[in-house]
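The values are calculated or read from the model by the stated rules, or taken from the named source; none is laboratory data. These numbers were taken from a predicted model, which means no experiment stands behind them. A quick note on method: Cβ atoms are made from the backbone with ideal geometry, for glycine too, and the neighbour counts reach across all protein chains shown.
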Amino acid sequence: MFGALVADPALHLLWSLEDRGVDIRIDGDDTLVMKPISKIPESDRVLIRRYKAHLVLLVRGCNDVA
């Protein structure tokens, strides 16, 4: 993870989701699982689709450190 480049908006999106209490994990081959879905508005879902690869890198990196 360290040394990987991720888009700044992806990092801010991840922080925002975590601040709202969204549990984020990777299930299987790069499948993002986020719960509860009710805390994720459509505008964020658009960003999640756009930055999926970046979010996967960030979540994996966090899991490697934890």
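Restrict the check to segment 3-18 and report whether at least one residue is more than 9 Å from the chain's Cα centre (by Cα), modelled with pLDDT of 95 or more, hydroxyl-bearing (Ser, Thr, Tyr) and exposed (fewer than 12 other Cβ atoms within 10 Å of the Cβ). No. Of the residues screened, ARG60 is not one that is more than 21 Å from ASP8 (Cβ to Cβ) and charged (D, E, K, R).
Kindly list, by first and then second residue, each pair from a residue in segment 26-47 that is closer than 18 Å to PRO9 by Cα and assigned to a loop (DSSP other than H, G, I, E, B) to a residue that is at pLDDT 95 or above and of a type in the set (Lys, Arg), limited to pairs with Cβ atoms under 9 Å and residues at least 6 apart or on different chains. Listed by first residue and then by second, the contacts come to ILE40/ARG20. Residues that are acidic (Asp, Glu) and under 15 Å from CYS62 (Cα atoms) within segment 2-51 comprise GLU18, ASP23, ASP27, ASP30, listed in sequence order.
Just one residue in the set LEU58, LEU14 is in a helix (DSSP H, G or I), in contact (Cβ under 8 Å) with a residue 24 or more places away in the chain and touching a Cys at 6+ places or on another chain (Cβ under 9 Å); that residue is LEU14.
The sole residue among ILE26, ILE48 that is surrounded by 14 or more Cβ atoms within 10 Å (Cβ to Cβ), of a type outside the set (Asp, Glu) and at pLDDT below 95 is ILE26.
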